[in-house]
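Heads up: the structure comes next, in structure tokens.
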Amino acid sequence: MIRGIRGATTVINNEESEIIQETKVMIEKMANKNSVQPEDIASVFISVTPDLNATFPAKALRLIEGWKYVPVMCMPEIDVPNSLSRCIRVMMTVNTTIEQQKVEHIYLNDAVKLRPDLQSGVKSN
């Protein structure tokens, strides 16, 4: 069965190293918490708010061992007034046997505000 795993994080600065590092941390937590291996992944979509343009956050995936062939695409997030700034959002579609309600979605830093209903004691890093 293909399931979606959501993730989101924020950065303090629009800097390449910070964007890549925070994205990498989030992606690794998404995979680890849901026992995802690279060959289980159908695709990864990453969106960023308009205030983040220093780099492609997809570069973070290339730093993870075994993720060379995982398909990934970056895109802009809708520019909604008063929405969370400096935010990186991820939708990872994976082949898994995990029941939908047991998928662990990962929200880090200020992004924990986005889906408090999905937080199970997870705090920002």
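The values are calculated or read from the model by the stated rules, or taken from the named source; none is laboratory data. Just so it is clear, the structure is predicted and the values come from calculations on it, not from any experiment. Every residue, glycine among them, receives a Cβ derived from its backbone with ideal geometry; neighbour counts consider all protein chains shown.
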State whether the residues of region 35-49 include one that is within 22 Å of MET1 (Cα to Cα), modelled with pLDDT of 95 or more, part of a loop (DSSP other than H, G, I, E, B) and not small (Gly, Ala, Ser). yes
Would it be correct to say that ILE106 is touching a Pro at 6+ places or on another chain (Cβ under 6 Å) and either β-branched (Val, Ile, Thr) or surrounded by 18 or more Cβ atoms within 10 Å (Cβ to Cβ) (or both)? no
Would you mind stating whether LYS29 is surrounded by 16 or more Cβ atoms within 10 Å (Cβ to Cβ), under 28 Å from LYS102 (Cβ atoms) and of a type in the set (Lys, Arg)? yes
Is there a residue in region 50-63 that is outside any loop (DSSP other than H, G, I, E, B), among the charged types (D, E, K, R), without any contact (Cβ under 8 Å) to a residue 24 or more places away in the chain and within 24 Å of SER17 (Cα to Cα)? yes
For region 60-89, which positions are crowded, with 16+ Cβ neighbours inside 10 Å, among the basic types (Lys, Arg) and more than 16 Å from ILE106 (Cβ to Cβ)? ARG86
